[in-house]
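Heads up, the thing below is written out as structure tokens.
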Amino acid sequence: MKNTLPQHGDSMDLQNVIETIPALVLCALPDGTVESVNLSWQEYTGYSPQKLNESGWRSIVHRDDLAKFIEQWNIAFSAGRSFETEARIQGSDGQYRWFSIKKALAVLGTRNIKSSLRTLIAFEDISDRKESQIKLQQSEARYRLLIETASDAVISADESGTITFANPSTMRIFGHSPKDLIGQALTVLMPDFLRPAFLNGLRRYSSIGHKRFDWRGVELVGIRKDGQEFPISVSLGELSRDGHRVFTAFVRDVSEQKHIEKSLRFAHSYLAQAERLAGIGTFAWEAPERKPVYLSEEWYRIYGFDPDHGAPTWEQFVQRVHPEDRARLKATSDRAIAEKSDYDVEFRVLIPLAPVKFLHAVGEPVFGPSGELLQFVGVVMDVTESKRAEEERERLRRAQADLSHMNRISTLGELTASLAHEIKQPIGAAVTNAEACLRLLNRDQPDLLEARAAAFEMVRDARRAADIIDRVRLLYQKGVSQPEELDVNEVIGEMVVMLQNEANRKSIMIRTDFANALPNVKADRVQLQQVLMNLMMNSIEAMQGMSGELGIKSQLNDCGKLLISVTDTGTGLPAEIAERIFDPFFTTKPQGTGLGLAITRSIVEAHGGCIWATANPGEGATLHFTLPAS
């Protein structure tokens, strides 16, 4: 709108003019009073000139724009100056819209009447443009805030590689203040070995004239103000401004990231090595779909899959399982999914061109925020060696039991004459008592009282013989260990009775020294008898051809264990063989097997005790063994 409108004949002509103006227009007197408005004004605001003059501008101008508007309005009418401003004007629907407000003058008059001035104020709707402008300003403000507060260094440069902008983070990353960088070449942020390549690349790029230049996370090397080189990640973009290219780089210091990546690589390497050494693979699989999420290198090796071919499916995995174990494995997996619980299962796998493997898998569920089952994570262990070792231990245990049994038979063979004599005594006594009983009963006046006494003695002698046979039969028997609460003194006494005649036959006196109130031990009676028999027979043989003394002592040692000592007055124990007499197949006897004392040690150690030998200060040697109290 021009500042001065053409002169018109009267006010009616002016009103016709303002109705044709494509804006909201009002006509004001020189004192600022609104005289008339056009139809567009009334339709938008709903205010007539009278209503506007009565209520004032406060009723339709936005309160944030009111002070500036009234100031401009007053100046325009008091000083006669131009008037151009922007304000939000409220419509009849209560909504505000932005308007550009400008002032123009109009002259009214006729041939007979003096001309007069009117001021026209036009309100042009600029809401759409203003909204775009506000959004642009907000966007620019956000962009400036983002750039100023970004943790990355943001650096702009022109086509020659001269820095035109740098944000505050440049100081933290490179050690250069932003204002010091303005006007310097980008190469100041690069180590010497990168500068020629950068400059050549920039010249080549400028000469070829590509339309865009985009880098995303390119890893390079930067240099700080103090000369320290460090790894950086650069994202570089290009835009044109006034026909000139501007390059903007986002630079991130990735020193810590590289350190973490290196640590993770080492950790992964250590973990993979540890898994290989331990034979343990780790895994995670989705439930209930049974899709693998993570499988370690050792997992692939254990199952014989090639990681280069991708993760195997559940069906491929099941095909590796031994046919006899598949149903049990599937049932375990189904139960774990249904119950959302841990699982622990052992099974075998069949790998092409490889022996059968025994595996032990353990898994536990992973739940989501709502308690839903998401995954199972766990480990699988190759227990083939332990299974083989277990089988070997069982085989050795059976062999040891057989050997122990044969040792008892061999030892008892040496006692055959003594045992026969011991059994013959009660049987002979029983026969004598039986004959006496018959004589007493065959008298004309049978002596029943004496006959009863003879019969009682006969029964006692028979039981004595039966007890001896039972003890020998137990030593001959072959069976599994059956631990029970035992009185050590009682077991020693049984073996003294069994070996007494053998000792008498060789002129050896047996002496016992039992501590009172000893606690019981939990042991297998037959195996404990075998230990005592082996030690006592070893001492008797050490005194072969000489009269001597065999001593057996029981006591509680300082550690609270039962200590049993078997002492002889035989040939003694040379220091060089004291540590070897319990080794398998070591013997000093011409006809010995070297297994008796080795078996004795294995039995004692199996019961939680230990055994050793010492030389006596005078003659002979002592064999000691301990047993834990029950």
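The values are calculated or read from the model by the stated rules, or taken from the named source; none is laboratory data. Keep in mind it's a predicted model, so treat the numbers as computed, not measured. When we count neighbours, we look across all protein chains shown, and the Cβ atoms used for this are built from the backbone with ideal geometry, even at glycine. With ligands, DNA and RNA removed, areas are computed over all heavy atoms of the protein, side chains included. Shrake-Rupley method; radii C 1.70, N 1.55, O 1.52, S 1.80 Å.
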Heavy-atom accessible area ranking, 1.4 Å probe, most first, across SER539, SER602 = SER602, SER539
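Keeping all protein chains in place and using 1.4 angstrom, which order do TYR270, TYR294 fall into by accessible surface area, from largest down?
TYR270, TYR294
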task = Order the peptides 518-529, 186-197 from the highest to the lowest mean number of other Cβ atoms within 10 Å of their residues.
result = 518-529, 186-197
query = Ranked by accessible surface with a 1.4 Å probe, highest first, in what order do ILE232, ILE182 come?
reply = ILE182, ILE232
key: Sequence-distant residues sharing a close amide H with ASP524 (under 5 Å, placed H)   = GLU484
PHE266 accessible area, assembled protein chains, probe 1.4 Å, Å² = 100 Å²
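Among 278-288, 507-517, how do they line up by average Cβ neighbours within 10 Å per residue, starting with the highest?
Final packing ranking: 278-288, 507-517.
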key: Estimated dipole of the stretch 228-270 in Debye, rounded to 20 [Cβ of Lys and Arg +1, of Asp and Glu -1, Cα centre]   = 120 debye
ask   = Accessible area of GLU391, 1.4 Å probe, to the nearest 10 Å²?
value = 100 Å²
request  = For LYS51, list the aspartates and glutamates whose Cα falls under 19 Å from its own Cα; do not include residues on the same chain fewer than 8 positions away.
outcome  = ASP31, GLU35, GLU43, ASP93
